[in-house]
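This report concerns only the one structure given below.
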Amino acid sequence: MTRSRSASFPPHGPWATDASVAPRSPDRRRLLLQAAAGAGAWSVPGVRLFAAGADRPRFLLVFLRGGYDASHLLVPIGSSFYYEQRPRIAIARPGAGPETALPVNADWGLHPALRQSLHPLMLAGQARFIPFAGTDDLTRSHFETQDSIELGQPLGGSRDYNSGFLNRLAAELDAQQALSFTDQLPIAFRGPARIANAALRETARPAVDAKNRALITGMYQGRALEKTVEEGLALREELARDLAPAKMKAEMDAAGRNAIAPKGFEAEARRIAALMRGRFSLGFIDIGGWDTHVNQGGATGALANRFEEVGRGLAAIADELGPDLWRQTTVMVISEFGRTFRENGNRGTDHGHGSVYWLLGGGLASQGGPVAGEQIALSASTLFQNRDYPVLNDYRSVLGGLWQRQFGLSRDALGRVFPGAVPRDLGLV
């Protein structure tokens, strides 16, 4: 389920960098419309251009919007209660057949759709999973919980909808290295740090030609926006070069051989990796379609197809970056919540609470095995409100602990990124 914007929030179009920007003047609006015409959707004010070194840590957040069924991804094979509660859609314990779970450890298995993508990464120590993860937000509303997570602020009291946690992280690191791979700037990247966003599915469009570039820059010569305009057009041209049509066609052809649609996640993931191979070291992408109330399937079916597509895309990022840069990269996959432990009457699942987060990267810590964080045995008595995974690993604490290790952020810096949260070091990297 793709995310819509609440009417109570300031609109953020594809050229908006943050909600703190003053209302656009007619001239500014005209400029943005002219620059966007034939050039795709880009948000670029304030970006300075310089390359990221191979030793620069990289982080990509992948948000699965719609609340994916975590029990289908990381299957609780050690729980007989799971099989009792899901008589029609449960994933079978590991066995000889192609539709059985892939072994992780005695308690957990992995969905068989990930056999060719995430499972090899896990066996290589490059994929770990954090069950019982999420937020204490109990609304079970897609939009409210997504917003709550992206804000990263304490629950209760007033919230600042112009301050997302990735914007605050970018302010602590280097906002000029951050890029949202979306057509609109997400709440997570809202804030005073100026963040670019790029709708990668539009990159086949040509950059602004020389004639129009001269007209646009001439309009703003000697004016306050002159530098912003120059930087925006320069970034657009560079991105167009990095993702030239010939290169994109090759990527799409490769994706087609792997039975992925040209506009599937794998092709988009390779474009993300191409940009993170250069100057961008902090990124965000969201993927919709995870609200599976009806006919979500089991080892095969609708949800299995989504897992396969995303798994291939994530493996493609590792392949595209190459071993050296992959060792400097972590990819965290999250969702607003999990789903009910019991299947419903429509062979699907309903809105839940705790989820399973995925962490990928070439430099993950080897100790502790592929499943990290606090865990409990699953039974009727341990479900939250007799229906869901409980949240034992708060996302703010988990990310804080990860970034403390990966970026070397101090407690004070982490306190600014996640106010009121205590970072928890799970030894992930």
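Could you work out the local net charge near Asp137, counting Lys and Arg as +1, Asp and Glu as -1, over the other residues with Cβ closer than 10 Å to its Cβ?
-3
Output ³J(HN,Hα) for the range 73-78: one whole-Hz value per residue in order, computed from phi by the Karplus curve 6.51 cos²θ - 1.76 cosθ + 1.60 with θ = phi - 60°, and x for Gly and Pro.
For the range 73-78, the Karplus curve yields 6, 9, 7, x, 5, x Hz.
For the range 332-429, what is the relative contact order in percent, using Cα pairs closer than 8 Å and at least 6 residues apart in sequence?
Answer for the range 332-429 is 26 percent.
Please label the shape of the range 64-207 as rounded, prolate or oblate, based on the square roots a ≥ b ≥ c of the eigenvalues of the alpha-carbon gyration tensor (a/c under 1.5 means rounded; beyond that, a/b larger than b/c means prolate, else oblate).
Working: a/c = 2.50, a/b = 1.68, b/c = 1.49.
Since a/c reaches 1.5 and a/b is larger than b/c, the shape of the range 64-207 is classed as prolate.
For a protection proxy built on the mean count of beta-carbon atoms within 10 angstrom, sort 403-412, 324-333 highest first, please.
Averaged packing, sorted descending, gives the order 324-333, 403-412.
Whose amide H sits under 5 Å from the amide H of Phe59, counting only residues 5 or more places off or on another chain, with H placed in the peptide plane?
Leu282, Gly283, Thr330
Tell me which residues come under 5 Å, amide H to amide H, from Val75 once H is placed; ignore anything under 5 positions away on its chain.
Those lying under 5 Å, H to H, from Val75 are Gly109, Leu110, His111.
In what sequence, highest mean first, do 192-199, 295-302 appear when ranked by Cβ atoms within 10 angstrom?
Descending packing order for the listed peptides: 192-199, 295-302.
Multiplying the sequence separation of Ser158 and Ile376 by 0.36 nm and subtracting their Cα-Cα distance, what value in nm do you get?
75.2 nm
Rounded, prolate or oblate: pick one for the range 113-179, where a ≥ b ≥ c are the square roots of the eigenvalues of its C-alpha gyration tensor, a/c under 1.5 means rounded, and failing that, prolate if a/b is larger than b/c, else oblate.
oblate
Classify the range 278-429 as rounded, prolate or oblate from the Cα gyration tensor: take a ≥ b ≥ c as the square roots of its eigenvalues, call it rounded if a/c is under 1.5, otherwise prolate when a/b beats b/c and oblate if not. All intermediate terms of the calculation are to be shown ahead of the outcome.
Values: a/c = 2.10, a/b = 1.33, b/c = 1.58.
Because a/c hits 1.5 or more and a/b fails to exceed b/c, the range 278-429 counts as oblate.
Would you kindly state how much longer the chain becomes between Arg88 and Asp107 on full extension, computed as 0.36 nm times their sequence separation minus their alpha carbon distance, in nm to one decimal?
Length gained, Arg88 through Asp107: 4.8 nm.
Quick check: residue separation of Asp324 and Ala124 times 0.36 nm, minus the Cα distance between them. What number comes out in nm?
70.5 nm
Every number in this text was worked out from the coordinates using simple rules, so none of it is lab data. Worth saying up front: this structure is predicted, and the values here are computed from it rather than measured. Neighbour counts are summed over all protein chains in view; Cβ atoms, including those assigned to glycine, are modelled from backbone coordinates with ideal geometry.
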